[in-house]
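Report on the following structure.
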Amino acid sequence: MNYDLLISAEQLLALGASQAPLMIFDCTFELTDPAAGHNKYLESHIPGSGYADLDKALSDKTGAGVSGGRHPLPSRETFAAWLSSVGLQHDMQAVVYDRNGANYCGRLWWMLKWAGHKNVAVLNGGLQAWQAAGGAVTSGAEPTNTPSNYVLGEPLTALVATQTVADNLGRPIQTLIDARGAPRFRGEVEPLDPVAGHIPGALNRPFNQNMTAEGKFKPAAELKAEFEALLAGREPATVVHHCGSGVSAVPNIIAMQIAGLADASQVGLYAGSWSDWCSDPSRPMAQG
């Protein structure tokens, strides 16, 4: 069985026991302490899983990225080279997880879809759910896999450029949803970027509102009701998701797909997000 959205800890345990082609990625990260995620990985992770570092593997800070902001997306070709280096093959089921409410592993889920890899799923509830289900953990360095030759497929996600967001600002063909916490959205605090506030007209849906108290995605019906209330009649396919740097926006994309409102190819991701938008003082900005 293939999984392309969510996988439960119990399903992953069964999949691992079946000896199906499988690659698991730990994406644990902390914005305020970039080394902490890898250190936590070294302390404990799902056996056989590799580590996908947000700053090093899932961003390109050399200036060659295809988006702006604090976590520029690498080009698809650069990303494919990394996938080849870790040994991912097209027939493998990819599973991504973290300890952060799907915040960081969602980035890799989206990027694998962007590379054309259909069978990638988020471990619902993360490492915590895995351990609660009786899954084993191990410590130490990453496994050594045989490199592959990963060939890109047609993108299964939609990347939106800054200029496109600017051109469609205020038009009904674009509905911006910002996944940052409400105080940052309102511009009351800004711990990471030089300017506080949000893109004018954006709606606010903090990414953690998609989760239950146990750290799993809410049921589809509940997510659908919440997003329909937020959209207030706007078409789901007009949505462009963003956040501070294009990372925590992805749980909102996943939640909309769980809800059956739109899949990741129908809604956009503005990867540069607020950190890119506010880098140009000539762009309109709002607070409140």
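None of the figures in this text is laboratory data; all of them are computed from the coordinates on show. Every value quoted in this text rests on a predicted model; they were computed, and no experiment measured them. All Cβ positions, even for glycine, are placed from backbone atoms using ideal geometry, and neighbour counts span all protein chains on display.
Based only on other Cβ atoms within 10 Å, what is the fewest-to-most ordering of Arg70, Arg171, Arg234? Intermediate values should be presented prior to the final figure.
Details: Arg70 20, Arg171 10, Arg234 15.
Ascending number of Cβ neighbours within 10 Å: Arg171, Arg234, Arg70.
The residues Tyr97, Tyr41, when put in order of fewest to most other Cβ atoms within 10 Å, stand as Tyr41, Tyr97. Among the cysteines of the chain, Cys243, Cys278 have no other cysteine beta carbon within less than 4.7 Å of their own. A crude spin-label estimate for the pair Leu152 and Arg283, with each label 7 Å from Cα along the Cβ direction, gives 2.3 nm.
Of the labelled figures [x] 56, 38, 38; [y] 51, 42, 35; [z] 62, 40, 37, only one reflects Cα extents along the principal axes in Å as derived from the coordinates, namely [y].
May I have the convex hull volume per residue, in Å³, for the Cα set of segment 156-261? Please report the intermediate quantities before stating the final value.
Details: hull volume 12.0 nm³, N = 106.
Per-residue hull volume (Cα only) is 113 Å³.
In the elastic network of the chain, a GNM with C-alpha springs shorter than 10 Å, the most mobile of Pro34, Pro194, Pro251 is Pro194.
Using a 10 Å cut-off around each Cβ, can you sort Glu142, Glu235 from fewest to most neighbouring Cβ atoms?
Details: Glu142 16, Glu235 13.
So the ranking, lowest neighbour count to highest, is Glu235, Glu142.
The simple Förster model, with R0 at 22 Å and r as the Cβ-Cβ distance, assigns Leu230 and Ile173 a FRET efficiency of 0.80. Of the cross-linked pairs Lys40/Lys113; Lys61/Lys218; Lys56/Lys218; Lys61/Lys216, those separated by over 29 Å at the C-alpha level are Lys61/Lys218; Lys56/Lys218; Lys61/Lys216. Extent along the principal axes, Cα only, for segment 6-132: 42, 32, 21 Å, with the longest axis given first.
Applying the criteria of a DSSP loop state and at most 11 other Cβ atoms within 10 Å to the GluC sites (Glu not before Pro) of segment 137-225 yields Glu214.
Cα centroids of segment 1-79 and segment 122-176: how far apart, whole angstrom? That distance is 8 Å.
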